[in-house]
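Just below is one structure, and these are the notes that go with it.
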Amino acid sequence: MAFAWKAAGLTYNRYIAVASRVVRRSLKEDKRIAAERRGESELRFAKWENGKQGDIKNLAQANRAAAAELAAKASS
Amino acid sequence: MMISRAARPALRAGVAAAARPATLNASSAAGYATLREIEDRLKSIRNIEKITKTMKIVASTKLTRAQKAMNDSKIYGQTSNTVFEKAETKPLEADGKKTLIVVASSDKGLCGGIHSGLTRKVRKMMLEKPDSDLVVIGEKCKAQLSRSNNKNIVFSFAGVGKDVPTFADASAIADQVCLLPSDYASVQIVYNKWANAQSYDATVVEAFSEEAIAQSPNFAAFEIDDEVLANLREYSLANALYWALAEGHACEQSARQNAMDNASKNAGDMIQRFTILFNRTRQAVITGELVEIITGATASEG
């Protein structure tokens, strides 16, 4: 069984993150605000090479970029 | 105070004229100085006490929320682990493959030895498996581990610990970990396990690799397609991370509450001691002044 989102280069976690975001956004106004707070993530991360810390990047953006890269690979 | 200080040079001259021993003069001069010093010290300790008290209150309000999140996530994580228990999944014996150690700490300090406990545990694990890779979540453990094991760190995450960790955090981290090029025999998540409000210990929770899941004895009972297996692995990793982060967060808040409670108590003790010392010194200074005035008066009369 092949999944459409897998073919598009999404990981499972990314897939459920997108799905949960959609659900949260379709909630009623008062509940939506409370729910959307649970979906926030302010993580930053850095790659380490040979014991040196690399650039600090925003994790959400990096994940999006990685997904786009995988998607490009999957479609070609 | 002001009058006595203004009168001091004249007094000192009078004392010198009376040919008193020099040592007495020096000690009384020191007495004046320490009175001022003690006062300043007292003021700063009082301020510190105020700060630690406030931090304690903040920590205890946060703790109730963190505990709630921890209990929820615990059920969540345990349910997700039931699959592996039923399948009797065991970590693969390392056959040349590396182990990945994920350390779940946080960015903030001032909470006792909670982060160094984790670091110590990780260092012990690194001694057994020196080629393991490290993913460090939180600035505190990053700072500690980068001193000893900086060659092993592949990722570090920052920005956790401000609030109760969300599943979005955990899944984002899990995503990055899954994207790592090397294939790991097992992923071990080190976090602080909540024992009770006073104690916690660094514990390891295992997130299994695909192969480990596929090779588990009761795996056939679940009828999982091979393709779906990767999803399960990613999802269970995110689950385990979420659990570890939430429990670690609750432990941190409770540790901070304790640490700040102790700090306030110590500050209270110090304030008491310094108040007594202050009063005693003040009295000594007054007595000293009286003695000097009286002796001066009697000397000039005679």
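Counting Cβ atoms of other protein chains within 10 Å of each residue's Cβ and taking the mean over peptide A:65-71 gives 1. The H on the amide N of B:A202, modeled in the peptide plane, is under 5 Å from the matching H of B:K193, each at least 5 residues off or on a different chain. A simple spin-label model places pseudo-atoms 7 Å from Cα toward Cβ; at B:R282 and B:A197 they are separated by 3.8 nm. Calculated on the alpha-carbon coordinates, the convex hull of chain B measures out at 161 cubic angstrom per residue. Specify which residue in the list B:S236, B:S254, B:I276 is farthest towards the positive end of the charge dipole of segment B:220-302, using unit charges on the beta carbon of Lys, Arg (+1) and Asp, Glu (-1), about the Cα centre. It is B:I276, whose Cα lies furthest towards the positive end. Tell me: how much accessible area in total is hidden between A and B, 1.4 Å probe, Å², nearest 100? For chain A against chain B, roughly 2600 Å² becomes buried. Distance between the pseudo-spin-label points of B:E39 and B:I294 (7 Å out from Cα toward the beta carbon): 2.6 nm. Residues considered: B:A244, B:A259, B:A104. Largest GNM mean-square fluctuation over chain B, using C-alpha springs under 10 Å, is found at B:A259.
FRET efficiency for the pair B:T64 and B:R123, taken as 1/(1 + (r/R0)^6) with r the Cβ-Cβ distance and R0 = 25 Å, rounds to 0.15. Shown for the protein assembly as shown: the carbon plus sulfur share of the solvent-accessible area, taken with all protein chains present and a 1.4 angstrom probe, equals 56%. Taking every protein chain into account, the accessible area of segment B:59-260 amounts to 42 square angstrom per residue (probe 1.4 Å).
Quick one: grab the alpha carbon gyration tensor of segment B:141-183, order the square roots of its eigenvalues as a ≥ b ≥ c, and give me rounded if a/c is under 1.5, else prolate or oblate depending on whether a/b is larger than b/c.
Oblate, since a/c reaches 1.5 and b/c is not below a/b.
Computed with every protein chain present, the accessible area of B:K108 is close to 90 Å² [probe 1.4 Å]. When the Gaussian network model of chain B links Cα atoms closer than 10 Å, the mean-square fluctuations of B:L127, B:L42, B:L241 top out at B:L127. The residue list B:N196, B:L100, B:V122 was ranked by how far each Cα lies along the charge dipole of segment B:59-260 toward its positive end, using unit charges on Cβ atoms, and B:N196 comes out on top.
Specify the angular offset, from 0 to 90 degrees and rounded to the nearest 10, of the alpha carbon long axis of helix B:2-17 from the longest principal axis of the alpha carbons in chain B. The helix B:2-17 is inclined about 60 degrees to chain B.
Accessible area per residue (1.4 Å probe, heavy atoms of protein chains only) ranks B:T54, B:T99 as B:T54, B:T99, with the largest value leading.
About its Cα centre, the dipole of segment B:59-260 is roughly 1340 debye, where the only charges are +1 on Lys and Arg Cβ and -1 on Asp and Glu Cβ. Note on chain A: semi-axes of the ellipsoid equivalent to its C-alpha gyration tensor, largest first and rounded to whole Å, are 27, 22, 8. Measuring how big the protein assembly as shown is from its alpha-carbon positions, Rg and Dmax come out at 31.2, 116 Å. Mind giving me the nanometre distance, one decimal, between the label points for B:N47 and B:K90, set 7 Å out from Cα along Cα→Cβ? According to this spin-label approximation, the distance is 6.1 nm.
Relative to the longest principal Cα axis of chain B, at what angle does helix B:22-86 sit, 0 to 90 degrees, rounded to 10? In chain B, helix B:22-86 runs at an angle near 20 degrees to the longest axis. Phi angles of segment B:254-269 translate, via the Karplus equation with coefficients 6.51, -1.76, 1.60 and θ = phi - 60°, into HN-Hα couplings of 5, 5, 5, 4, 5, 4, 6, 4, 4, 4, 5, 4, 4, 5, x, 4 Hz per residue; Gly and Pro are given as x. Accessible area per residue for segment A:1-40 is 72 Å², calculated with a 1.4 Å probe on protein heavy atoms, without ligands, DNA or RNA.
The values are calculated or read from the model by the stated rules, or taken from the named source; none is laboratory data. Everything numeric in this text was worked out from a predicted model, so none of it was measured. Heads up, the Cβs are rebuilt from the backbone with ideal geometry, glycines too, and the neighbour counts pull from every protein chain shown. Only protein heavy atoms, including side chains, enter the accessible area calculation; ligands, DNA and RNA are left aside. Shrake-Rupley method; radii C 1.70, N 1.55, O 1.52, S 1.80 Å.
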